[in-house]
1. Which condition number in (1) modelled with pLDDT under 95; (2) surrounded by 14 or more Cβ atoms within 10 Å (Cβ to Cβ); (3) of a type in the set (V, I, T) is the one that T134 fails?
2. I'd like to check something: does the range 190-202 contain any residue that is among the hydrophobic types (A, V, I, L, M, F, W, C) and within 18 Å of V97 (Cβ to Cβ)?
3. Among the numbered conditions (1) under 30 Å from E182 (Cβ atoms); (2) surrounded by 14 or more Cβ atoms within 10 Å (Cβ to Cβ), tell me where R107 comes up short.
4. If you go through the range 146-158 one residue at a time, do you hit one that is free of Cβ contacts under 8 Å to residues at least 60 places away in the same chain and either touching a helix residue (DSSP H, G or I) at 6+ places or on another chain (Cβ under 7 Å) or assigned to a loop (DSSP other than H, G, I, E, B) (or both)?
5. Mind checking which pairs have a first residue in the range 189-204 that is exposed (fewer than 14 other Cβ atoms within 10 Å of the Cβ) and a second that is among the hydroxyl-bearing types (S, T, Y) and part of a loop (DSSP other than H, G, I, E, B), Cβ under 7 Å, 6 or more apart or different chains?
Amino acid sequence: MSALLGVAAIAALVYFNQPEPPPPVEPPSDRVVLLPDENGKVGKVVVITEGAEQLLATAYAGAKVLTGGKIELATEDAASVQLRYGAALGARPQKAVSYTVYFVSGREELTPESVSVVTELKAELARRAAPEVTVIGHTDRVGKAEANDALSIKRAQILRTMLIAQGVASTAIEAAGRGEREPLVPTADEVAEPKNRRVEISVR
């Protein structure tokens with residue numbers, strides 16, 4: 001009798017010490033979360049599957065696409081998005097930014113107001129690990145077109161040289177001149193227009 005009790009006790013011990021079964025595995029699903037932009041503005045997105053369609057139009061509105069095409073709505077917030085997607089969001093390339101500097105008429109000299117813009121540009125470049133830069137030079141319509149082509153390239157090269165001195169790799173900077181062909185302010189020939197004497201810089 002005692003032997004039977006011993007066997008029963010061992011069986012009970014083995015039974016109660018069994019590890020709990022793992023929770024059921026959730027089938028794979030796709031998630032869509034609508035995020036506001038840096039100014040808080042929100043667009044719209046339509047999630048469409050074979051069996052359903054759902055409009056998302058408010059900040060942090062979410063949709064989970066389940067097996068079979070069913071759509072389950074959910075609402076996230078800034079904290080939950082950062083927790084779930086922080087690594088992916090942090091890996092996104094930085095948004096491209098643009099700067100414009102202006103030149104003295106007929107010369108390769110920056111206007112005094114543009115010096116502070118160059119300072120802002122340098123600060124932006126310092127924040128980026130591997131910036132890629134496009135520099136495009138322009139002129140107004142004073143002078144011959146051929147001379148303005150050459151002047152616009154010289155103006156672009158001045159900015160390119162500044163950026164290389166700032167530490168940007170020369171291979172990461174594209175520079176070109178458009179002469180008088182792409183005016184910011186359309187004018188008649190031989191009209192001096194300060195806003196057309198410019199270099200446009202795009203940093204991405």
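1. (1)
2. Yes, the conditions are met somewhere in the range 190-202.
3. It fails just one condition, (2).
4. No, the range 146-158 has no match at all.
5. Sorted first by the residue in the range 189-204, then by its partner, the pairs are A192/S105.
The values are calculated or read from the model by the stated rules, or taken from the named source; none is laboratory data. This structure is a prediction, so every number in the text was calculated from the model and none was measured. Note: ideal-geometry Cβ built from the backbone for every residue, glycine included; neighbour counts use all protein chains shown.
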